[in-house]
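The values are calculated or read from the model by the stated rules, or taken from the named source; none is laboratory data. None of these values were measured; they are calculated from a predicted model. Glycine gets a Cβ as well: all are built from the backbone with ideal geometry, and neighbour counts include every protein chain shown.
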């Protein structure tokens, strides 16, 4: 018997949304969670289904307030944790809600498969990013271990630049949605 019967409807994928990849179908996002710690890099693993990545995408559910200029960034990392390219400062963009398409400073050609989108913010009230249902860090990363977690935090104390390589990953229950285009 096949794993999925022929009557199972096809699932939507990133190309159906004109995207090059994502962490999961955006229809599974249920709410927002404030970035818990200023200057801490949060990671969501995304599956690239197209090799050219020019933007990383998040959804701001609740706006940040008084974000520190030049200290709110996002970036694309390889599956091995090497910085591929960062975005320009997002401190102004993250003070409003909505889908945020953030251009990478250098577009990247990546092998099909997994990459990480990382992001951090500094300021008075950090933004709340869309995520799936609240689960435990163990469930969100079931069957995985560092340095190959699906949802994690890494480096702390970040201000004006992304790390060149990811520090040790700590499993996170914050299942932030990210997209690639």
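Would you mind stating whether residue 140 is under 13 Å from residue 44 (Cβ atoms), surrounded by 12 or more Cβ atoms within 10 Å (Cβ to Cβ) and modelled with pLDDT under 95?
Answer is yes for this residue.
Quick one: would you say residue 13 is out of contact with any helix residue (DSSP H, G or I) (no Cβ under 9 Å at 6 or more places or on another chain) and at positive phi?
Against the criterion (out of contact with any helix residue (DSSP H, G or I) (no Cβ under 9 Å at 6 or more places or on another chain) and at positive phi), residue 13 does not qualify.
Out of all the residues in the range 141-161, is one or more part of a strand (DSSP E or B) and touching a helix residue (DSSP H, G or I) at 6+ places or on another chain (Cβ under 7 Å)?
yes
Find the strands (runs of 3 or more DSSP E) located wholly in the range 32-125 whose residues include 1 or more that are at pLDDT 95 or above, surrounded by fewer than 18 Cβ atoms within 10 Å (Cβ to Cβ) and within 16 Å of the chain's Cα centre (by Cα), and list them.
Of the strands (runs of 3 or more DSSP E) lying wholly inside the range 32-125, those with at least 1 residues that are at pLDDT 95 or above, surrounded by fewer than 18 Cβ atoms within 10 Å (Cβ to Cβ) and within 16 Å of the chain's Cα centre (by Cα) span 42-48, 52-62, 73-78, 83-86, 98-109, 113-120.
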